[in-house]
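To keep things clear, I will list the structure first and then write my remarks on it.
The values are calculated or read from the model by the stated rules, or taken from the named source; none is laboratory data. Remember, predicted model here, so these are calculated numbers, not experimental data. For neighbour counting, all protein chains shown are included, and Cβ atoms are generated from backbone atoms with ideal geometry for every residue, glycine included. Side chains included, ligands, DNA and RNA excluded: accessible areas come from the protein's heavy atoms. Shrake-Rupley method; radii C 1.70, N 1.55, O 1.52, S 1.80 Å.
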Amino acid sequence: MKKGEEQARSLFGISLTERPKYQQFLICSSGFFFGYLVNGICEEYVYNRLSFSYGWYFTFVQGFVYLGLIYLQGFSTKQMVNPWKTYVKLSSVLMGSHGLTKGSLAFLNYPAQLMFKSTKVLPVMVMGAFIPGLRRKYPAHEYISAFLLVIGLILFTLADAQTSPNFSFIGVLMVSGALVMDAFLGNLQEAIFTINPETTQMEMLFCSTVIGLPLLIPPMLLTGELFKAWNSCSQHLYVYGVLIFEAMATFVGQVSVLSLIAIFGAATTAMVTTARKAVTLLLSYLIFTKPLTEQHGTGLLLIAMGIVLKLLSGYKDPIPCKPKQQLEEEEKEDGIQNKEEKRPLV
């Protein structure tokens, strides 16, 4: 690929490269919202209606569905452009984040955990400055937009909480670790796409899943969840149908998220995923006609302000810090050009 040439990208057969940025954003965001809206409905049914809380096992089953769908998309290991070790880091961070998030609920109640997880976009932006091959610099209005979005979501989600946030040192430590890993994960994914633009969404999802599946087995065995979930699901086989349907929808969401990261970066993607929580909550209020309070209104106003501020920036990419070697090469090229311009005409 020639320098400055944009990598051709598509999303389930829909070409993205030739489209304007706003269309790319709308297509990828729509895929993400659809996938995770269906995911939320399925989780509501399985976790609350059936009282099944087997997160590790359900993720394990979902992984095999992913591999089947990736195979149907025509991907094979011959198409890989990155070494496996790149994805070992990625999968380790992903599983670590998942484990710490689940484990923190033993020490924090749900409102407290939600407050921390809602701030994800801020550490993603900060971490971007320290990832080798990425080193993003974000303008001030990007931080203001993210801050408004975070505060608005916290106000909205806690407006009708049945209990106040309950904090403990161990729980805060665990959820903070999960946030750091989430921030590292998104930026690492963006760095892989940036360093090697030929990396596809399917490759990243395939390799992360293949490496991640064995990492799920130890926690399932240690907690006894593997055998409990197997017995429970064996008595209710239709649960597997729900899980497969959920995995198919989440697959669309995951590929859409990776497309957003590849095109717009980790920080913008984190803002979209944060906004999705607000949209999902608002829909639940509209569908089930729950009363909206002044705190809900304030939260929605701040969220809207954050989104509008982001949109007014025109989807401009954050400014990457150029490596020292690249700067030196550009300086040499400029010097050669200046000498040629000053050379007297014969």
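Which order do Trp84, Trp56 take by accessible area at a 1.4 Å probe, largest first? Display every interim value, and only then the final one.
Working: Trp84 100, Trp56 30 Å².
The ranking, largest first, comes out as Trp84, Trp56.
Under a 1.4 Å probe, what is the accessible area of region 224-272 per residue, stated in Å²?
Normalised by residue count, the accessible surface of region 224-272 is 37 Å².
Please work out whether region 171-244 counts as rounded, prolate or oblate from its C-alpha gyration tensor, where a ≥ b ≥ c are the square roots of the eigenvalues and a/c under 1.5 means rounded, while otherwise a/b larger than b/c means prolate and anything else oblate? Don't skip to the end; give the middle numbers.
Numbers: a/c = 2.82, a/b = 1.56, b/c = 1.81.
Oblate, because a/c is 1.5 or more while a/b does not exceed b/c.
Sorted by packing (mean other beta-carbon atoms within 10 Å per residue), highest first, where do 85-92, 71-78 land?
Working: 85-92: 16.9, 71-78: 11.0.
Descending packing order for the listed peptides: 85-92, 71-78.
Place the peptides 182-194, 9-21 in order of packing, highest mean first, counting for every residue the other Cβ atoms within 10 Å and averaging per peptide.
Highest to lowest by the protection proxy: 182-194, 9-21.
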